[in-house]
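What follows is a short report on a single structure.
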Amino acid sequence: MYPKPKPKKFDPLRYLAGYFDTVEVNSTFYRPASPEAARKWAERVKENDRFRFALKLWRRFTHEREAAFTREEIDAVRAGLDPIAEAGRLGVVLLQFPWSFRNDEANREWLRDVASAFHAYPLAVEVRHVSWNDPAFYAELAERGMGFVNVDQPLFRNSIKPSARATSGIGYVRVHGRNYRDWFRKAAGRDERYDYLYTAKELEPWADRTRELAGEPGVTDVYVVNNNHFRGQAVANAAMLQSQVTGGKAKVPTPLFETYSEVLQPFAEPAPP
């Protein structure tokens, strides 16, 4: 989707901010951002006044739960969040929990501890197991002012189902793809697991849910993120969803339009050079 050849000093973040109003940052899942890097991120999107970051919380707080986290680990994350928040560019912090995170007392307590550690930031929680489809859980999220992430994923017996639920001022949708073959295959890598291109028909219900979220009382911002990232498929599907939600044609980079013209033609047009 990037121009070829890339111009000298090409900045992919600034480039994306010319087409979309958010980017979900994945690198902060693997390690906290440094304050210097965070300040530069905020600077690089300054040309888009609407742009807000969605930042994944470090996996130490969502996936590495064998031992209690420390004050130093909390401070390391906060050091990377604060410059973006101070620049007015922090939209939401995503707490992405894995399938193995089931609704039991130990995990509820863990989630409460994480929420308390980062209560100063706008938080949204993604859970994937159906055990969390519990009115008490949604009520607690609302009480704490935390958003709920509505997910599209391959539906197995214990998968949490698609929804349009808001528990805070933030509505959040994450569209992961429907690669049933590789979703739980142990040998599958990240690119294989999320290799999926949605059809327009598959996305239509999510456009409806997005509009429903935007109409919920108290909801001020709705984030829609495509995670089927392999070979730019996420960007193509995001443009399609944007068009389905707004009713207008999305502007997309010419290389992306040429690659996915068959699915993009009704929903997007190449942006002028």
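Computed from the coordinates by the stated procedures, all read-outs in this text should not be read as laboratory data. Please read all numbers here as calculations on a predicted model, not as lab measurements. Glycine also receives a Cβ, built like all others from the backbone with ideal geometry; neighbour counts cover every protein chain displayed.
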Pairs over 31 Å Cα to Cα, from K6/K201; K8/K201; K40/K161; K6/K251; K8/K186, come to K6/K201; K8/K201; K40/K161; K8/K186
Where in segment 153-219 are there trypsin sites (Lys or Arg not before Pro) that are in a DSSP coil and have at most 16 other Cβ atoms within 10 angstrom of their Cβ?
R157, R178, R185, K186
Rg to Rh, two decimals, where segment 19-85 supplies the alpha carbon set and Rh follows Kirkwood:
1.03
Amide H contacts of H129 (H built 1.01 Å from N, under 5 Å, at least 5 apart or other chain)
I160
Where the Cα pairs of the chain fall when distances are cut into 5 Å bins, in %:
1, 5, 12, 16, 19, 18, 15, 9, 4, 1, 0
Quick one: putting +1 on the C-beta of Lys and Arg, -1 on the C-beta of Asp and Glu, what dipole do you get for the chain around its Cα centre, in Debye to the nearest 20?
720
With contacts defined as alpha carbon pairs under 8 Å and 6 or more residues apart, what's the relative contact order of the chain in percent?
14
³J(HN,Hα), Karplus 6.51/-1.76/1.60, whole Hz, each residue of segment 104-109, x for Gly, Pro:
9, 4, 4, 6, 4, 5
Charges on Cβ only, +1 for Lys and Arg, -1 for Asp and Glu, centred on the Cα centroid of segment 151-224; of Y223, Y194, V175, which one is farthest towards the dipole's positive end?
Y194
Largest first and in whole Å, give the semi-axes of segment 171-246's equivalent ellipsoid, each being the square root of 5 times a Cα gyration tensor eigenvalue.
25, 13, 10
Derived scalar couplings ³J(HN,Hα) [segment 162-173; Karplus, 6.51 cos²θ - 1.76 cosθ + 1.60; whole Hz; x for Gly, Pro]:
x, 7, 9, 10, 10, 10, 8, x, 10, x, 9, 10
Using Cα-Cα distances under 8 Å and only pairs 6 or more residues apart, what relative contact order does segment 145-273 have, in percent?
21
Convex hull (Cα only) mean projected area of segment 55-207, reported in nm² to one decimal:
10.2
Footprinting proxy, T199, T210: sorted fewest to most Cβ within 10 Å, the residues are T199, T210
Among T259, L155, A117, which residue has its Cα positioned farthest towards the positive end of the charge dipole of the chain, with +1 placed on the Cβ of Lys and Arg, -1 on the Cβ of Asp and Glu, and the dipole taken about the Cα centre?
T259
Given an 8 Å cut-off on Cα distances and at least 6 residues of separation, report the relative contact order of segment 56-201 as a percent.
17
Report the local net charge at R209: Lys and Arg +1, Asp and Glu -1, summed over other residues whose C-beta lies under 13 Å from its C-beta.
-2
Out of A214, A106, F184 - ranked by how far each Cα lies towards the positive end of the dipole of segment 12-266, with unit charges on the beta-carbon of charged residues - the top one is F184
